[in-house]
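Note sheet for the following structure.
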Amino acid sequence: TVAIYVNYKATVDGAAEFKRAGDEFATNQNAIALNGDKIVIGKAIPINELSEVTVAIQRIHLGLVEKYKQAQNQDNADVPLPKFTKIKNVALFAHGEPFGVGLKNNNEFELKLENVKTFVSGVKDALVDDVRVQLFACSTGADRGRVENLRKPLAEKYQKLKNAGKLKDEVEKLKKQKVLGNNLSEKQLEELANNPEKLAKLVSKNKASYQEWTDHDQDERSGADSFAAALATELGSESTVVGHTTVGHTTENFAARVFGKEAGGGTGGLHLFDLMYSEAFIQQELLRLFPDKTDSERADLHESLREQMWAHFQDSISKETKRKGKEKRYSRPMGQETFINPTEAQKLLHEDWEKNWIPNHIKEVKSKSK
């Protein structure tokens, strides 16, 4: 496992957070790094630009190759190298957008959809075929088309309202509904009331973000046009990429999608929630919790039980990070764990669900026909 964070300039928003999160992750996951020519454990790697990511990955790979050759007392370049000389997990801590990652210390988005193929070609020989990439970067798994689909009809609507002299009233209504955010000045609000296209862009972006936060339809595939999806495609069919779909906490954000092999391949990604609480687990819990009900009665409780699992998933990641000391229910940050160790994370979530959550919420599981 390799953890890489951007050493952003102090003027970049949230600069210190990426170092903090990267260091915490590296310690928790025993990430490897280089100190001079020596491999060290439990350290994250700071970088200032995209090229340094490639260099770091290749240097670690070559360092592992060298250690292997020394241990085997051979330097034959033709001998096949064992899998452990290559990197299994790459965790990136940076600012993100649906189109790329800000891998320059001034937050310039050097790694984008347009050059992801070139980037992968420079590191692929240092990675195992079933490499897993954890994008601890906002919105890298978000559906880019979602914003545009919302923007077009809104732009038409707002233009008609402006022509009728009613756009200012619409802005006031959107402000009260908190659709515009909380930090706009009166001058900015006035500008929006005179610019239908700008208003449509802001509202569509905020509404799309809200949908990304709340949507969790079972087995829905989305984000096919995202950066995370493109990266998974370039890394090959055995790879898996996990990325957040919203702006939020660097690691403890439940809004995320999984792309590639662990999502079953295919177009788009699956919500991380679906992989943590599979249909098999839902059916198992329906039988365990309601043994005296008929199959049809249990089927009627399916949706409500899954909603309790959704609430538990959110609580275990976002709310858990705010708990202190003995209030915490997990020994490690579950946002990190679901990305890097999904099998272990699933086990921990299911144990907490059975022990702490569902006993206190079983009465909230109700038939959809009532």
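Taking strands (runs of 3 or more DSSP E) that fall entirely within the stretch 218-285, which contain at least 2 residues that are among the hydrophobic types (A, V, I, L, M, F, W, C) and buried (at least 18 other Cβ atoms within 10 Å of the Cβ)?
Because the criterion is at least 2 residues that are among the hydrophobic types (A, V, I, L, M, F, W, C) and buried (at least 18 other Cβ atoms within 10 Å of the Cβ), the strands (runs of 3 or more DSSP E) in the stretch 218-285 that meet it are 240-244, 256-260.
Would you confirm, using the coordinates I've provided, whether Glu337 is closer than 30 Å to Asn89 by Cα and either in contact with a strand residue (DSSP E or B) (Cβ under 7 Å, 6 or more places away or on another chain) or charged (D, E, K, R) (or both)?
yes
Filter the stretch 316-343 down to the residues that are among the basic types (Lys, Arg) and part of a helix (DSSP H, G or I) and list them by number.
Residues satisfying the conditions are Lys319, Lys322, Lys326.
Identify, from the list Leu192, Leu180, Leu184, the residue that is farther than 30 Å from Glu114 by Cα, in contact (Cβ under 8 Å) with a residue 24 or more places away in the chain and more than 14 Å from the chain's Cα centre (by Cα).
After applying the criteria, what remains is Leu180.
Considering only residues of the stretch 349-370 that are in a loop (DSSP other than H, G, I, E, B) and not charged (D, E, K, R), which is surrounded by the most Cβ atoms within 10 Å (Cβ to Cβ)?
Per the criteria, the residue is Val365.
Looking for something of a type in the set (D, E, K, R) and part of a loop (DSSP other than H, G, I, E, B) - is there at least one such residue anywhere in the stretch 197-217?
Yes, the stretch 197-217 contains at least one residue that is of a type in the set (D, E, K, R) and part of a loop (DSSP other than H, G, I, E, B).
Does Gln346 satisfy being out of contact with any Leu (no Cβ under 6 Å at 6 or more places or on another chain), polar (S, T, N, Q), surrounded by fewer than 18 Cβ atoms within 10 Å (Cβ to Cβ) and in a helix (DSSP H, G or I)?
yes
Of these, Glu297, Glu307, which one is assigned to a helix (DSSP H, G or I), closer than 18 Å to Glu212 by Cα and out of contact with any helix residue (DSSP H, G or I) (no Cβ under 7 Å at 6 or more places or on another chain)?
Glu307
Do we find a residue being among the small types (Gly, Ala, Ser) and farther than 29 Å from His249 by Cα anywhere in the stretch 5-17?
The answer is no, given that none of the residues of the stretch 5-17 is among the small types (Gly, Ala, Ser) and farther than 29 Å from His249 by Cα.
When you look at Lys168, is it touching a residue at least 12 places away in the same chain (Cβ under 8 Å) and not aromatic (Phe, Trp, Tyr), yes or no?
For Lys168, the condition - touching a residue at least 12 places away in the same chain (Cβ under 8 Å) and not aromatic (Phe, Trp, Tyr) - is met.
So if I check each of Glu172, Glu108, Glu114, which one is surrounded by fewer than 17 Cβ atoms within 10 Å (Cβ to Cβ) and over 28 Å from the mean Cα position of the chain (by Cα)?
Selected residue: Glu172, the only one of Glu172, Glu108, Glu114 that is surrounded by fewer than 17 Cβ atoms within 10 Å (Cβ to Cβ) and over 28 Å from the mean Cα position of the chain (by Cα).
Given the options Glu303, Glu337, Glu354, name the one that is over 17 Å from the mean Cα position of the chain (by Cα), closer than 25 Å to Glu220 by Cβ and modelled with pLDDT of 95 or more.
Unique residue meeting the criteria: Glu303.
Using the structure shown, decide if Asp292 is on the phi < 0 side of the Ramachandran plot, acidic (Asp, Glu) and not in a helix (DSSP H, G or I).
Taking the combined requirement at face value, the residue satisfies it.
Quick check on the stretch 306-359: of everything there that is β-branched (Val, Ile, Thr) and in contact (Cβ under 8 Å) with a residue 24 or more places away in the chain, which residue is farthest from Ala3 (Cα to Cα)?
For the stretch 306-359, the residue satisfying everything is Ile358.
If a residue has to be under 19 Å from Ala126 (Cβ atoms), of a type outside the set (A, V, I, L, M) and at pLDDT below 95 to count, how many in the stretch 72-116 make the cut?
So the count comes out to 7.
This table checks each residue for (1) under 21 Å from Asn341 (Cα atoms); (2) crowded, with 16+ Cβ neighbours inside 10 Å.
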residue: Ala15; (1), (2): no, yes
residue: Phe18; (1), (2): yes, yes
residue: Ala21; (1), (2): yes, yes
residue: Lys38; (1), (2): no, no
residue: Lys43; (1), (2): yes, yes
residue: Pro46; (1), (2): no, yes
residue: Ile57; (1), (2): yes, yes
residue: Tyr68; (1), (2): no, no
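How many residues does the stretch 146-174 hold that are of a type in the set (A, V, I, L, M) and farther than 13 Å from Lys198 by Cβ?
Of the residues in the stretch 146-174, 4 are of a type in the set (A, V, I, L, M) and farther than 13 Å from Lys198 by Cβ.
The values are calculated or read from the model by the stated rules, or taken from the named source; none is laboratory data. Nothing here was measured: the structure is a model prediction, and the numbers come from that model. Positions of Cβ are backbone-derived with ideal geometry, glycine not excepted, and every protein chain shown enters the neighbour counts.
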